[in-house]
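The values are calculated or read from the model by the stated rules, or taken from the named source; none is laboratory data. No experiment lies behind these values; they were computed from the predicted model shown. Neighbour counts run over all protein chains shown; Cβ positions are idealised from the backbone, glycine included.
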Amino acid sequence: MRKAFSLLSVFGVATLATGSLCGCVPTSDTKGAGMPFVDISKPDKILMDGAEDSAGRVKLSLSTAPRQEVSVTVSGEAPISKVELVWNVSLPKNALVYGGDWERTYGDSGWFSIDGSSAPHDGWKPWYCLINEGSRTDGYGLMVQPNAFGSWKVEPERLLLSLDLRAGSSPVELKGRELNACTLVSRRGNDNETPFKAGQEFCRMMCPKPRLPKEPIYGYNDWYCAYGSNTATNFLADAEFIVSLLKGEKVRPYVVVDDGWQRGKQGCAETTADKRWAGVNEKWGMEMDEFAKRVKAMDAKPGLWYRPFLPDDGLPNEGLPMDPTDPALEARIRADVARFVDWGFELIKTDYITFDWCTSWGGGLSPVHHDLPEWRDRSRTTAEVIKGLYTALRESAGDNMVIIGCNALDHFAAGLFEIQRTGDDTSGNDWGRTRQMGPNTVGMRTIHHGTFYYADGDCFGLADKDAIPWRLNSQWLDLISRSGTALFVSWKRQFTTPEIREALEAALRRAAKVQPTGEPLDWLETIRPARWRFGGEVRTYDWDLPEKKEQ
């Protein structure tokens with residue numbers, strides 16, 4: 001049996017002193033740099049669907065042991081869609097604001113002026129926000145696994161929290177049930193503490209029990225070198241090349257087959273969803289239990305791609321999104337995952353796990369951007385429904401299979417999934433896309449690594465040997481491999497020169513070992529951090545190198 005690393009040794013987690021878990025400082029406190037710290041237990045206004053909560057349906061309950069937590073509950077007979085909490089506070093005009101994303105970054109995450117003039121999504125920050133005025137960084141947020149979608153907005157004269165309680169696009173019908181919508185936490189930053197350290201510590205407050213893997217996460221994924229056009233034989237040959245670079249490593253790599261193995265067409269379909277994941281297509285050419293055995297025989301851990309919420313018609317862009325309250329969906333998910341376990345797989349990468357029920361991407365006031373067909377069960381909030389399906393995935397996978405959440409709601413992945421894809425797709429043929437998405441998500445979401453889950457900024461890949469110049473792509477490989485986050489490479493064996501082979505081996509061997517989490521040093525100044533501290537070493541990348549072919 002492999003000895004498990006402790007969470008402290010894997011992620012270098014520092015013990016958080018009780019004295020730094022502030023949250024009990026009154027609004028008028030100005031110690032430090034003059035920035036007031038908001039008492040989240042005492043909002044100045046509570047609105048329900050835009051009107052004052054005169055009936056007292058929203059209640060805030062304060063707990064101070066072992067830290068300040070504010071429970072927000074909602075009850076009553078009438079349907080309800082939204083609760084808003086407003087705190088009046090005068091914040092410094094020079095303050096910068098940072099926050100989460102509903103499911104992953106899209107190349108635009110970062111620190112923005114408090115006036116909101118340059119911030120995406122009208123300044124709304126899903127799940128949590130950090131405020132920095134130069135010498136101190138304070139945090140306000142929801143504990144992970146809430147029963148509502150919560151989004152923050154920071155303005156010079158007030159702090160706002162909007163809670164989406166709908167069931168899809170319809171008001172939730174509680175019918176007298178008391179709903180524990182969420183638990184709020186806050187943290188007053190220590191004076192002269194770096195924003196990065198403050199962010200990490202606040203993430204630990206929001207997620208006191210992350211579900212972290214026992215070993216570093218790294219290996220091979222074929223998406224960005226094959227894009228679904230592959231056979232089991234070719235896949236295994238490329239995977240074996242990658243694994244051969246790692247002889248002697250104690251931690252076995254994962255070998256993950258992405259979209260393209262399943263019945264029907266890539267990503268969507270000609271067969272119904274309940275049949276799609278029961279077997280392979282003719283092109284793939286090998287049963288999946290045999291495939292898993294072949295991967296294990298090369299001393300690697302088999303993984304596969306899975307789209308659990310795919311609608312029965314297979315046409316999420318043209319047809320209607322599926323109803324996630326349909327009991328048949330959960331039953332199908334449990335059966336699919338049990339089958340993958342029986343085949344011998346040790347990892348599943350779940351994809352389109354937000355898009356397939358709401359058919360929208362990215363940020364905004366809520367993940368639900370437009371009207372959805374009415375759900376059959378409107379007694380539970382959207383958050384309760386989706387979180388329940390994530391829990392079904394987790395329970396079906398058991399303790400011996402790890403889950404990568406791709407397009408998964410971030411605050412639900414934290415605590416349930418071991419790994420979370422923190423950004424939109426990079427590319428194996430378009431450096432501009434890798435440059436836009438990759439450095440942004442690794443830079444802006446590294447505070448989640450080891451605090452929420454094991455972060456995955458997406459693959460290093462190449463679809464054609466001339467698609468991306470090595471001098472550009474090698475920077476991306478170097479950053480991921482040193483950051484301490486997950487490294488998956490998408491690389492065909494025939495693309496390899498002696499120089500590339502040496503770089504691939506060095507990067508993979510770094511990723512196979514426990515490393516301190518990389519710290520972006522310029523993340524307050526740019527959405528594409530270039531200066532990094534890796535342990536005791538500082539490195540600088542040039543993401544603005546001109547894209548030209550090798551001479």
Limited to segment 197-206, what total is found for residues that are surrounded by fewer than 19 Cβ atoms within 10 Å (Cβ to Cβ) and hydrophobic (A, V, I, L, M, F, W, C)? 0
Any residue in segment 226-253 that's hydroxyl-bearing (Ser, Thr, Tyr): show its pairings with residues that are assigned to a loop (DSSP other than H, G, I, E, B) at Cβ separation under 6 Å, as long as the two are six or more apart or on different chains. THR231/GLY285
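Residue-wise test of (1) under 30 Å from LYS175 (Cβ atoms); (2) under 20 Å from the mean Cα position of the chain (by Cα); (3) part of a loop (DSSP other than H, G, I, E, B).
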position: VAL70; (1), (2), (3): yes, no, no
position: VAL86; (1), (2), (3): yes, no, no
position: ASP115; (1), (2), (3): no, no, yes
position: GLY141; (1), (2), (3): yes, yes, no
position: SER151; (1), (2), (3): yes, yes, no
position: LEU160; (1), (2), (3): yes, no, no
Listed by range, helices (runs of 4 or more DSSP H) wholly within segment 187-272 having at least 1 residues that are modelled with pLDDT of 95 or more, out of contact with any helix residue (DSSP H, G or I) (no Cβ under 7 Å at 6 or more places or on another chain) and not assigned by TED's automatic domain parsing to the domain that holds ASP458 are 195-206
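For segment 463-477, does any single residue satisfy the condition of being part of a helix (DSSP H, G or I), touching a Phe, Trp or Tyr at 6+ places or on another chain (Cβ under 8 Å) and either without any contact (Cβ under 8 Å) to a residue 40 or more places away in the chain or not assigned by TED's automatic domain parsing to the domain that holds ALA408 (or both)?
Yes, that holds for at least one residue.
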How many residues does segment 479-507 contain that are closer than 21 Å to ARG445 by Cα and either crowded, with 24+ Cβ neighbours inside 10 Å or of a type in the set (D, E, K, R) (or both)? 11
Tell me yes or no: at least one residue of segment 109-117 is touching a strand residue (DSSP E or B) at 6+ places or on another chain (Cβ under 6 Å), at pLDDT 95 or above and within 24 Å of LEU179 (Cα to Cα). no
Is it the case, given these coordinates, that THR517 is within 22 Å of CYS406 (Cα to Cα), part of a helix (DSSP H, G or I) and at pLDDT 95 or above? no
